[in-house]
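Data block below; observations after.
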Amino acid sequence: NAGVMQNPRHLVRRRGQEARLRCSPVKGHSHVYWYRQLPEEGLKFMVYLQKENIIDESGMPKERFSAEFPKEGPSILRIQQVVRGDSAAYFCASSPLKQGETQYFGPGTRLLVL
Amino acid sequence: DAKTTQPNSMESNEEEPVHLPCNHSTISGTDYIHWYRQLPSQGPEYVIHGLTSNVNNRMASLAIAEDRKSSTLILHRATLRDAAVYYCILSGGSNYKLTFGKGTLLTVNP
């Protein structure tokens, strides 16, 4: 049974470029969550999506960041015009249901902005 | 969001039991108590969760106080691979955002 898969595992971008992070949830899970972990800090919630719907994006920066979870394919976290402060580990988690259900995390994508 | 309080760090010897405490005095009736751990350079790993009763699985045991204001994660025989940061997190009901505090850094000595 495959767990949550994320790719790429490491991503290097120069300031101003775009970063696309992909997340494939556990098979059968229809709820996806993205978290960000800045260096030396704890994980912070960014966005919660169901298939084709953004349920809660309260933790996502208002500009440059967007997320989607299409009917087919992985969930995508997109960061436009990256800045050095975007350097962090981005983790995706999935769950079969929302309420009280355990979230299972992927290995993360480590983004480094030069 | 209901908060949890954990010691910053704990130390154990290999093959000895480890009891990791967590206080959550503002827990609500619908909050589940989840424990995750994060090894260096890895994503958080689910360990165990419970609501009211004590829980056991292959990784650990979770002891929940009768008033639910505290809980203890029990690793029955610590191994070097158990060295990680352990997070105690309340979630459930409408609270799906996992709030990761600083957790407890567990060091396991050989």
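Both radii come from the Cα set of the protein assembly as shown: Rg as radius of gyration, Rh as Kirkwood radius; their ratio Rg/Rh reads 0.98.
Here the average projected area of the convex hull drawn through the C-alpha atoms of chain A stands at 6.8 nm².
What does the structure give for B:28-39 when I average, per residue, the other chain Cβ atoms found within 10 Å of the residue Cβ? Spell out each step's value before the answer.
On the way: counts 0, 0, 2, 1, 4, 0, 3, 0, 6, 0, 6, 0.
Taking the mean over all residues of the peptide, I get 2.
Applying 1/(1 + (r/R0)^6) with R0 = 22 Å to the Cβ-Cβ distance of B:E15 and B:T107 gives a FRET efficiency near 0.90. In sequence order, the stretch A:64-80 has phi-based couplings of 6, 9, 8, 9, 8, 9, x, 4, 10, x, x, 7, 10, 10, 10, 10, 8 Hz under the Karplus curve 6.51 cos²θ - 1.76 cosθ + 1.60, θ = phi - 60°, and Gly or Pro positions carry x. One Cα centroid belongs to the stretch A:1-63, the other to the stretch B:42-103; the line between them spans 23 Å. On a per residue basis, the convex hull of the C-alpha atoms belonging to chain B measures out at 90 Å³.
Note on A:37-43: average number of Cβ atoms from other chains within 10 Å of each residue's Cβ is 4. Once the GluC sites (Glu not before Pro) in DSSP loops with at most 12 neighbouring Cβ atoms within 10 Å are cut out of chain A, the longest remaining piece is A:73-114.
List the chymotrypsin sites (Phe, Trp or Tyr not before Pro) within the stretch A:1-67 that DSSP assigns to loop and that have no more than 15 neighbouring Cβ atoms inside 10 Å.
Values: sites: A:Y33, A:W34, A:Y35, A:F45, A:Y48, A:F65; in loops: none.
For chymotrypsin sites (Phe, Trp or Tyr not before Pro) across the stretch A:1-67 that sit outside H, G, I, E and B with at most 15 neighbouring Cβ atoms in 10 Å, the list is empty.
Each label was represented as a point 7 Å from its Cα along the Cα-to-Cβ direction; for B:L39 and A:M5 these points are 2.1 nm apart. The mean sequence separation of alpha-carbon pairs under 8 Å and at least six residues apart, normalised by the residue count of chain B, gives a relative contact order of 37 percent.
The trypsin sites (Lys or Arg not before Pro) of the stretch A:1-86 meeting both criteria, a DSSP state outside H, G, I, E and B (loop) and at most 16 other C-beta atoms within 10 angstrom of the site's C-beta, are A:R9, A:R14, A:R15, A:K27, A:K51, A:K62, A:R64, A:K71. For GluC sites (Glu not before Pro), the sites in the stretch B:8-85 that DSSP calls loop and that have at most 12 other Cβ atoms within 10 Å are B:E15, B:E66. Phi angles of the stretch B:73-88 translate, via the Karplus equation with coefficients 6.51, -1.76, 1.60 and θ = phi - 60°, into HN-Hα couplings of 8, 10, 9, 6, 9, 5, 10, 4, 6, 7, 5, 5, 8, 9, 10, 9 Hz per residue; Gly and Pro are given as x. Backbone amide hydrogens, once placed in the peptide plane, bring A:A88 within less than 5 Å of A:L111, excluding anything fewer than 5 places away on its chain.
Just so you know, all these numbers are worked out from the coordinates, no wet-lab data involved. Because the structure is a prediction, the values reported are computed rather than measured. Glycine also receives a Cβ, built like all others from the backbone with ideal geometry; neighbour counts cover every protein chain displayed.
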